[in-house]
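Report on the structure given below.
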Amino acid sequence: MGDQTEVIVTSDASGLLWNICIWDSRTGTALMTYKGGGVPAPNSVCFLGNDYVLAGEKSRPLIHAWPVNSQETLQQQLGRIVCPGCVTALAISPTNRYCVAGINEKLYIWEVASGRLMAVATRHYRTITCIRFTDDGSHFASAGHDGMVLVWPLAYLISQHTSELLVQSEAGQADPRYIFSDHSLPVGDLFIGHGGMRGRLLSVSGDRTCKIYDLASGVLLLSIVFDSALCTVTMDPTETHVFIGAVSGAIHHFKLLNPPRTRDYHPSKEEIGDTFVGHSKAVTCLSTSLDGIRLLSGSSDETVILWDIQSKLRIRTIQHKGPVTNAFFSLLPRQVFSDSFKPSILLQGFKKSLELNGDELYTVVIMNKEKQEDEDCLDISEANLSDTVDQKSSLEDEILTLKKINHDLYKFAVEKVLHR
């Protein structure tokens with residue numbers, strides 16, 4: 001099987017047979033299964049280059065890592081990366097250098113090679129549901145149950161001057177590049193087209209709308225209103241066809257070849273009738289093949305269906321044991337069938353605290369004005385202040401000890417590398 005074979009990656013909410021499975025998209029045969037990592041959360045399964053499969057566990061604060069050629073997680077501590085909370089969304093940058101996780105309403109950004117926590121940003125005030133990178137890796141978008149879609153500049157968040165951002169956050173200098181708050185209900189999914197920040201951003205929500213934004217200008221181009229709540233969205237490689245999954249089980253097909261002249265558009269009965277019919281419950285995942293011929297859909301009815309886009313006929317149905325939480329097309333990693341594992345990417349255990357300038361610990365917190373006003377009303381007693389001082393002193397002593405240990409480990413590693 002060639003390196004460029006396109007495969008299907010799925011997971012379901014049961015975890016009875018496996019946690020993640022790779023399927024041959026041509027025959028529907030299971031090629032590789034990954035076990036022992038708990039049930040993956042929606043929008044939390046991704047590849048780290050051609051070396052690892054990562055998934056955030058739904059019920060525990062863990063990110064699991066599997067070598068692509070092994071059914072079991074890494075035997076080392078790296079196989080179970082402990083997080084500050086349960087992961088609700090996970091994404092890897094296109095360069096494989098950074099990992100971004102949504103943990104409740106916060107965004108955590110780690111450097112993969114060192115495990116260093118680069119930034120913690122809070123701008124959502126409810127659980128984050130989806131994270132998507134632009135194809136050039138310069139920005140990523142996050143969406144959540146608060147109905148907001150935020151576009152973040154990655155380089156700005158991971159800057160070494162994050163301590164200055166903390167001080168200046170009240171002036172708005174640490175805000176996302178764009179804040180889209182056009183949805184009135186939770187946002188279920190995002191899709192970002194080609195072209196980096198010159199591409200288009202699509203979002204769908206329970207408010208029955210699919211919104212299309214221009215990332216270059218931050219302008220809402222089109223709002224398409226349907227007759228049922230929407231869960232997921234994707235586009236074909238040419239970005240002329242939009243596929244939208246609904247709670248009803250229908251997959252709507254909307255063409256952008258002749259876009260409407262008005263910003264708010266209600267499709268006609270003929271356009272609403274242009275759907276893929278086959279799921280009996282909510283469509284949770286959508287993905288198109290690289291050739292733009294096939295569409296993949298996963299649903300709460302425990303099935304994954306492969307469709308022919310032109311005829312809207314089923315090609316294949318893959319039965320699962322529970323509601324499908326992740327389903328997407330991907331190129332087959334080169335090492336899946338290799339007997340020996342030789343990773344080209346260094347994966348380290350992720351740290352829980354943000355260390356800057358070698359001296360202090362910071363967390364970048366960007367809060368809504370309403371939430372900030374509520375917290376300003378809280379009273380802090382003198383006893384609490386005293387406890388805080390004692391805790392800070394204890395943490396400083398622990399930090400000094402850890403720094404010495406890290407320095408000794410670094411010195412030992414350098415000696416080994418230079419003298420082998």
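The values are calculated or read from the model by the stated rules, or taken from the named source; none is laboratory data. What you see is a predicted model, and the numbers here were worked out from it, not measured in a lab. Glycine also receives a Cβ, built like all others from the backbone with ideal geometry; neighbour counts cover every protein chain displayed.
Using the structure shown, decide if G49 is at positive phi, small (G, A, S), over 18 Å from the mean Cα position of the chain (by Cα) and surrounded by fewer than 20 Cβ atoms within 10 Å (Cβ to Cβ). So G49 fails the test. Pairs needed: first member in the stretch 264-285, in contact (Cβ under 8 Å) with a residue 12 or more places away in the chain and farther than 21 Å from F191 by Cα; second member anywhere, among the small types (G, A, S) and part of a strand (DSSP E or B); C-beta distance under 9 Å; at least 6 residues apart or different chains. Every condition considered, the pairs that remain are G278/S297; G278/S299; H279/G245; H279/S297; H279/G298; H279/S299; S280/S299; K281/S299. Yes or no: E111 among the charged types (D, E, K, R) and buried (at least 20 other Cβ atoms within 10 Å of the Cβ)? No; evaluated as a whole, the condition is false for this residue.
Whether a residue is loosely packed, with under 15 Cβ neighbours inside 10 Å, assigned by TED's automatic domain parsing to the domain that holds L230 and not basic (K, R) was assessed, and D308 passes this test. Residue pairs whose Cβ atoms lie under 7 Å apart, separated by 6 or more positions or on different chains, with the first residue in the stretch 107-132 and closer than 18 Å to L347 by Cα and the second of a type in the set (G, A, S) and in a loop (DSSP other than H, G, I, E, B), are G115/G349; L117/S353. Among the residues making up the stretch 268-278, those that are surrounded by 13 or more Cβ atoms within 10 Å (Cβ to Cβ) and either modelled with pLDDT of 90 or more or farther than 13 Å from V242 by Cα (or both) are T275, F276, G278.
For the stretch 183-195, does any single residue satisfy the condition of being surrounded by fewer than 22 Cβ atoms within 10 Å (Cβ to Cβ), modelled with pLDDT of 95 or more and touching a His at 6+ places or on another chain (Cβ under 6 Å)? Yes, the stretch 183-195 contains a residue that is surrounded by fewer than 22 Cβ atoms within 10 Å (Cβ to Cβ), modelled with pLDDT of 95 or more and touching a His at 6+ places or on another chain (Cβ under 6 Å). Mind checking which residues of the stretch 119-147 are within 16 Å of D175 (Cα to Cα) and assigned to a strand (DSSP E or B)? Selection gives A119, V120, A121, T122, H139, F140, A141, S142, A143. In this structure, L290 does not satisfy being in a strand (DSSP E or B) and farther than 22 Å from L90 by Cα.
Of everything in the stretch 1-27 that's surrounded by fewer than 15 Cβ atoms within 10 Å (Cβ to Cβ) and of a type in the set (A, V, I, L, M), which residue is modelled with the lowest pLDDT? The extreme case among them is M1.
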